[in-house]
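Presented below is the structure to which this report refers.
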Amino acid sequence: QVQLVESGGGLVQPGGSLRLSCAAPGSIFRFYVMGWYRQAPGKQRELVARFGATSSAGINYADSVKGRFTISRDNAKNTVSLQMNSLKPEDTAIYYCHADGLFVKDRPHYWGQGTQVTVSS
């Protein structure tokens, strides 16, 4: 069973920063499209940031996080990170790492267990 292991969530004051990390098996990291989603209480899960399907496709960010959040990857460590700056109370949610098998037969996809981010004074 594929495991995506997230870390880095917590409680932070408005305006603060957090960094989330997601470790994936090498076979997933190399061939799947990696991204971060979040789900706030009472709301649907939404895209936060996601690498494009190809290296030239760029990165997709939700409008609400553009300029504040940055997704990055470490190919040597098979990890994807989400640097979150200037956090707002509305960023409070459970954040999930996602691996999309866009180019894999039957397009499997996997979710991490989620990590809570709470922005509050």
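The values are calculated or read from the model by the stated rules, or taken from the named source; none is laboratory data. Values in this document were obtained by computation on a predicted structure and should not be read as measured data. For neighbour counting, all protein chains shown are included, and Cβ atoms are generated from backbone atoms with ideal geometry for every residue, glycine included. The area values use the complete protein model at the heavy-atom level, side chains included, leaving out ligands, DNA and RNA. Shrake-Rupley method; radii C 1.70, N 1.55, O 1.52, S 1.80 Å.
Quick notes
- Which numbered condition S86 misses (of (1) surrounded by 17 or more Cβ atoms within 10 Å (Cβ to Cβ); (2) in contact (Cβ under 8 Å) with a residue 60 or more places away in the chain; (3) over 20 Å from A24 (Cα atoms); (4) small (G, A, S)): (1)
- Counting only residues that are in contact with a helix residue (DSSP H, G or I) (Cβ under 7 Å, 6 or more places away or on another chain) and under 16 Å from R19 (Cβ atoms), the stretch 85-108 holds 0 of them.
- Scan of the stretch 36-71 for residues that are open to solvent by less than 80 Å² (accessible area, probe 1.4 Å) and in a loop (DSSP other than H, G, I, E, B), ordered by number: A40, G52, A53, T54, A57, G58, A62, S64, V65, R68
- Residue list for the stretch 72-83, filter: open to solvent by 50 Å² or more (accessible area, probe 1.4 Å) and part of a strand (DSSP E or B): R73, D74
- Output for the stretch 90-121, where each listed residue is part of a strand (DSSP E or B) and either open to solvent by less than 60 Å² (accessible area, probe 1.4 Å) or β-branched (V, I, T) (or both): A93, I94, Y95, Y96, C97, H98, A99, D100, T115, V117, T118, V119
- Test: residue in the stretch 1-20 that is touching a residue at least 60 places away in the same chain (Cβ under 8 Å), at positive phi and open to solvent by less than 30 Å² (accessible area, probe 1.4 Å): yes
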